[in-house]
């Protein structure tokens, strides 16, 4: 078994110099779908484009293929926040980090007009929504969000805590001594 592992990582066949390590091809690279997320590795026949209706883009954010979801999220970010904000917040719950990241970037592009909704999202039941909202608020750097971010800096979900603390640092603010004490007394 040890020899088997060695040969997987140190194949010298094909091009390259003797003894040079070649990239390891993992099982998920050759299977039809990712064993973790079930995303299909091939490019879909049709990807969302700017001509799609908002409703069709929202539906595409729920597609099985992560490329479809990711592109739909990016395109929703170019629509009015009135119709796109809630589907983008929902996309923060996606199982793929790239879709979540695209949603955060798209939401932050709306600017401070969505500030109050992002502050409200810090109280969402879904921890990934709280984490995404904390990141977006850091992009806005609005003093109105400091108190709320300090609260989330003590969130039970590590990513939400990290995002809140990073956003506070980006604004030149640290977490208060009281909030540190609250976290250690739990």
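The values are calculated or read from the model by the stated rules, or taken from the named source; none is laboratory data. Not measured: the values here are computed from a predicted model. Neighbour counts run over all protein chains shown; Cβ positions are idealised from the backbone, glycine included.
Quick notes
- All told, residue 155 falls short of being surrounded by fewer than 22 Cβ atoms within 10 Å (Cβ to Cβ) and assigned to a helix (DSSP H, G or I).
- Residue check for residue 32: exposed (fewer than 13 other Cβ atoms within 10 Å of the Cβ), under 30 Å from residue 121 (Cα atoms) and modelled with pLDDT under 85: no
- Any hit, segment 109-116, residues being buried (at least 16 other Cβ atoms within 10 Å of the Cβ) and either assigned to a helix (DSSP H, G or I) or touching a strand residue (DSSP E or B) at 6+ places or on another chain (Cβ under 8 Å) (or both): yes
- Test: residue in segment 77-87 that is at pLDDT 95 or above, under 15 Å from the mean Cα position of the chain (by Cα) and within 29 Å of residue 51 (Cβ to Cβ): yes
- Residue identified as within 23 Å of residue 155 (Cβ to Cβ), in contact with a helix residue (DSSP H, G or I) (Cβ under 6 Å, 6 or more places away or on another chain) and assigned by TED's automatic domain parsing to the domain that holds residue 150 among 103, 125, 131, 91: 131
Residue-wise test of (1) assigned to a loop (DSSP other than H, G, I, E, B); (2) at pLDDT below 65; (3) under 26 Å from residue 96 (Cβ atoms); (4) not assigned by TED's automatic domain parsing to the domain that holds residue 115.
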| position | (1), (2), (3), (4) |
| --- | --- |
| 13 | yes, yes, no, yes |
| 20 | yes, yes, no, yes |
| 46 | yes, no, yes, yes |
| 49 | yes, no, yes, yes |
| 52 | yes, no, yes, yes |
| 58 | no, no, yes, yes |
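- Options 105, 73: the member that is assigned to a helix (DSSP H, G or I), within 14 Å of the chain's Cα centre (by Cα) and buried (at least 23 other Cβ atoms within 10 Å of the Cβ): 73
- Unmet criterion (only one of (1) crowded, with 16+ Cβ neighbours inside 10 Å; (2) part of a helix (DSSP H, G or I)) for residue 83: (1)
- For residue 120, the conditions (1) in a helix (DSSP H, G or I); (2) modelled with pLDDT under 95 all hold with the exception of (2).
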